[in-house]
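First the structure, in the form of C-alpha cells, and then the observations on it.
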Amino acid sequence: MPHDERPTELDVSVWQRLESAAGRQLQKPKWAARVRQLARSQRRITDHLLAATERLEGYIAFHSASTEPEPPEGVRVLRSYFRHLQAHLPHLKLQPDFSILIYVGQASPQEMRRTLSSVGMQVYPPTDVCLAVPESLPERTAQVIADFASAHPGLLQTVTVAGSADAASGFNECLALAQGTWFTVLNPGDVLFPNALAEFAKRINEEHHATHSLPPALFSDVRVEGDTPADRYATFLSGWSWFTAVGNSASSKLVVFQSASSNRCGDFREGFDGAEVQDLLLRVADHSELLPVHLPISVGQLARSSESAPFTAASLEQAQQGLVQAAQDSCSRRGLPATAKSYGVGGKVRLQFVLPEQLPLISIVIPTKNGLNLLTTCINSVLQRSSYPNFEVVLVDNGTTDPTVWAEYERLQASDSRIRVYSDPGYFNFARLINTGVQEAAGDFVVMLNNDVEVLTPDWLEQMLMFAQFPDVGAVGAKLLYPSGAVQHGGVVGAGPHIAAHSGLGAPGNREHFFVDCVHEAIAVTGAALMISKEVFLSLGQLDEDFVPNAYGDIDICLELRRRQRAVVYTPWAVLIHHESATRRQNVELSEIVYMRRKWGAELLDDPYLNVKLRRDGHYVPDPILQNPEPSAGLLEYWLQAGSFEADHEWG
C-alpha cells in the first residue's frame, strides 16, 4: 500500500485494544452464542445468494446457445482435442462406417452449404453422403452440391426423387444407396460439429468393449438454433428410457441407427412427415432386445427456422400428429393399450394407459402423530377430491398425545368404512410405520403418503396406477408442490456423496420445466407419495427398518427395484401439495448417508437419467467445471464458412 496508508503505532494499539475487548466479550457464553448465530445466518444468506447466482448462470447457459467468441485458449483446446481424435480413432478396435442421409427437398443454397460444409470437416469422415434430390432443383443449390462432390471425390451419392415425394420416401431411396453399417439423418441447415462422427465411433467402441454387443441405435445431445433467442437452446438428454422417449420428440437429438437393426423393423414409414426419425427410433427399440445408447456430448446444431420448409407452422402441426401416431403405435407393439395426444411445446406426447376393467383396491398408508390440522387437510383432500372409486386409508398412529386427534380418528372410522386406524406407539421409525401399514393393508397396490400432503388433481390415483399396473414398473411417484406453488419434487436424481436431490426443486410450478413436466424414468421417487404393488413391496423385504429408518428408505427401495429390473417412473399428472416435514423435527441422519454411500455409491454417482454435464443437485443447470468439446455458434459459423476447423481465426 502507499506509504501514507500504512497503519501507525496508534492505529495498531487501538486495534489491539478492540481485539482484546471483543475477546473478553466472546468469552461470555451469551455473547459468543449470539455472534455464532449471526455468523451462521450471514453464511446461509451468502450461500443462498451464491447458489441462486450459479443457478441463474446455469439456466441461461442451459436455454441458450452462446454466440460469444471463445477466448484464444478455448479455441486452442478445441483444435487440440479434434487433432487428438484424428490420431486416436484409427487405433480403436472397431472402425464403424457411417452413412449420412439428406432429403434435399426445397432446401436453400445456404442451408445445403452449411450442412455439407460441416460434413466435410469431420475428423472421422463418413463412408458416404446420400442425397435425395428433387427432379427440379434450383440452380444455385445444385451448384453447392456439385462443388461439394468435386471437393470430396467418391463421397457423395445422389438419387432423384419426384417433387411430390415426402421425406420418408427420400430417406428410403438414400438407404438403398448407403454403404455404411450405421446411418444418420440430417435436415438441410443442420450442422455437425467436427467431432460428431468421431464421438459416435468412440461410444460404439466403448459399448462393445463393455457389453460385447452393439446397440441398435445411439442418440446424442445437440444445440437447437431457431428464429429467436427463446428458440435457441441446448439439450441435456437422459439415458434411454422408453417411458421418457415415447413422450418426447427425437427432433431435439441426433440419432445414429445400426443398419442391421433398421432392416429388421422396416424402413422409414410414410405419413410421419417430420416425425420419421422418432417413429423409426421407437420401432427399433421395440424390436430389439438391446437398448439405444445415449452419447452425452453435444455433437451438432440443428436448424429449426420457421422459414425452412420442414419447420413452417403447418409442417410442425403435421409433425406433431406424426409424433402422436408414433407413440400410439409403439404402445400397441408393446401390448399397452393407450390413447395419445400432444401437449405443451417441443413435440411432447401424453399417454393415457387403459386401466383394468376390475379396478384394484388401493391402500393409502399414512403414518401420523398429532398435527390435527395437517391430518384433517390431508384426509379431507383424499376423501373429497379423489375420483378413484376403490381405495382405503390405513392410518398408522405413532403415539399421538392430543385427545382431539383421537376423537377425529373415531369420527373418521365411524363416518367412512374406508378408513382404519392402527396404533404403533414406539419410537419414530418411518420405515417401521410404513411396514406396519402395508401389513394391515387389504389392497393390491399401496400408496405411501405423508400426513402433510394435500391432493390437488382428482385423478391422482388413476394417473399413478396407469404405470404401477405394468409388471416391469416397480414404483411410481407424483409431482409435489410447495404451498407457494413452487416445485418440491419432480422425481429424484442421484447426488453422489450427497445421496439424492429432488428434480426441479424450487422451480415455478405454473411454468413448463425441463423433465419435471413430462413422464420420465428416474432412479427414485420420494416416499411422500409413492405407489407400489403390495406383492412387489413384500417381495423386497419391505422398507429397511434397521439402517435407513427415516431419511432414505424410499431411495433404498427404489434402487433395489431397479436392481431387479423394475422401472421407477415419475408422472407429472398426479399433483399434490407437500408441507415438507411439517410434523417432524430435524434429525441427525449422517449414519444413513454413510450406509447409502456404501450400499449404493456407484448407482448414486452414475445416475443414467441425469445428464453427466449437469450439476447433481436437481436444478438441471450445467456443471461449470466440465470442459465440453463444443464450439460457440460464432466460432462454428466461421469454421463453416472457411470449410475447416484449422482455419486461422482472430480469436485463436
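The values are calculated or read from the model by the stated rules, or taken from the named source; none is laboratory data. Since the structure is predicted, the reported quantities are computational estimates derived from the model, not experimental observations. Neighbour counts run over all protein chains shown; Cβ positions are idealised from the backbone, glycine included. Note: areas computed on protein heavy atoms with side chains; ligands, DNA, RNA excluded. Shrake-Rupley method; radii C 1.70, N 1.55, O 1.52, S 1.80 Å.
Structure data summary
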| read-out | value |
| --- | --- |
| Residue ID - farthest from ILE555 (Cα to Cα), chosen from residues in region 589-622 that are surrounded by 14 or more Cβ atoms within 10 Å (Cβ to Cβ), of a type in the set (Asp, Glu) and within 15 Å of the chain's Cα centre (by Cα) | ASP617 |
| Options ASN370, ASN380, ASN429: the member that is within 19 Å of GLY527 (Cβ to Cβ) and either under 33 Å from the mean Cα position of the chain (by Cα) or among the polar types (S, T, N, Q) (or both) | ASN429 |
| Single residue of region 452-468 satisfying the filter (closer than 23 Å to PHE243 by Cα and in contact with a Leu (Cβ under 7 Å, 6 or more places away or on another chain)) that is most open to solvent (accessible area, probe 1.4 Å) | GLU462 |
| Some residue of region 235-256 being over 18 Å from the mean Cα position of the chain (by Cα) and on the phi < 0 side of the Ramachandran plot | yes |
| Number of positions in region 416-438 that are acidic (Asp, Glu) and surrounded by fewer than 16 Cβ atoms within 10 Å (Cβ to Cβ) | 1 |
| Unique match (being surrounded by fewer than 19 Cβ atoms within 10 Å (Cβ to Cβ) and among the aliphatic types (A, V, I, L, M)) among LEU449, LEU395, LEU412, LEU383 | LEU383 |
| So ALA524, is it closer than 22 Å to ARG432 by Cα, of a type in the set (A, V, I, L, M) and either open to solvent by less than 40 Å² (accessible area, probe 1.4 Å) or under 22 Å from the mean Cα position of the chain (by Cα) (or both) | yes |
| ALA87 vs. criteria open to solvent by less than 30 Å² (accessible area, probe 1.4 Å) and within 36 Å of the chain's Cα centre (by Cα) | no |
| Breaking point among (1) more than 22 Å from LEU302 (Cβ to Cβ); (2) assigned to a loop (DSSP other than H, G, I, E, B); (3) not β-branched (Val, Ile, Thr), for GLN106 | (1) |
| Yes/no for ASN398 being in contact (Cβ under 8 Å) with a residue 40 or more places away in the chain and under 26 Å from PRO549 (Cα atoms) | no |
| Residue list for region 112-130, restricted to those being open to solvent by 40 Å² or more (accessible area, probe 1.4 Å) and in contact with a helix residue (DSSP H, G or I) (Cβ under 9 Å, 6 or more places away or on another chain) | ARG113, ARG114, PRO125 |
| Restricting region 269-295 to residues that are open to solvent by less than 10 Å² (accessible area, probe 1.4 Å) and in a loop (DSSP other than H, G, I, E, B), the residue that is farthest from PHE183 (Cα to Cα) | ALA275 |
| Single condition VAL224 does not satisfy, out of (1) in a strand (DSSP E or B); (2) crowded, with 21+ Cβ neighbours inside 10 Å; (3) in contact (Cβ under 8 Å) with a residue 60 or more places away in the chain | (2) |
| Members of region 338-355 that are more than 30 Å from VAL224 (Cα to Cα) and either open to solvent by 50 Å² or more (accessible area, probe 1.4 Å) or charged (D, E, K, R) (or both) | VAL354 |
| For SER99: the one exception among (1) touching a helix residue (DSSP H, G or I) at 6+ places or on another chain (Cβ under 7 Å); (2) open to solvent by less than 50 Å² (accessible area, probe 1.4 Å); (3) at pLDDT 95 or above; (4) not in a helix (DSSP H, G or I) | (1) |
| Condition broken by LEU374, with the remaining ones in (1) assigned to a helix (DSSP H, G or I); (2) touching a Pro at 6+ places or on another chain (Cβ under 8 Å); (3) under 30 Å from ASN435 (Cα atoms); (4) among the aliphatic types (A, V, I, L, M) satisfied | (2) |
| Conditions (1) modelled with pLDDT of 85 or more; (2) crowded, with 16+ Cβ neighbours inside 10 Å; (3) within 30 Å of the chain's Cα centre (by Cα); number of the one not met by PRO69 | (1) |
| Spans of strands (runs of 3 or more DSSP E) in region 434-505 with at least 1 residues more than 24 Å from HIS579 (Cβ to Cβ) and in contact with a Phe, Trp or Tyr (Cβ under 6 Å, 6 or more places away or on another chain) | 473-481 |
| Pairs where the first residue, in region 324-344, is of a type outside the set (A, V, I, L, M, F, W, C) and the second is at pLDDT below 95 and surrounded by fewer than 17 Cβ atoms within 10 Å (Cβ to Cβ), C-beta under 6 Å, 6+ apart | GLY344/GLU512 |
| Every residue from region 398-409 that is open to solvent by 10 Å² or more (accessible area, probe 1.4 Å) and β-branched (Val, Ile, Thr) | THR400, THR401, THR404 |
| The lone exception for LEU361 - which of (1) modelled with pLDDT of 95 or more; (2) surrounded by fewer than 18 Cβ atoms within 10 Å (Cβ to Cβ); (3) farther than 20 Å from ASN435 by Cβ it fails | (3) |
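Yes or no, residue by residue, for (1) farther than 19 Å from TYR81 by Cα; (2) open to solvent by less than 10 Å² (accessible area, probe 1.4 Å); (3) not β-branched (Val, Ile, Thr):
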residue: ASP190; (1), (2), (3): yes, yes, yes
residue: LYS202; (1), (2), (3): no, no, yes
residue: HIS208; (1), (2), (3): yes, no, yes
residue: THR211; (1), (2), (3): yes, no, no
residue: GLY239; (1), (2), (3): yes, no, yes
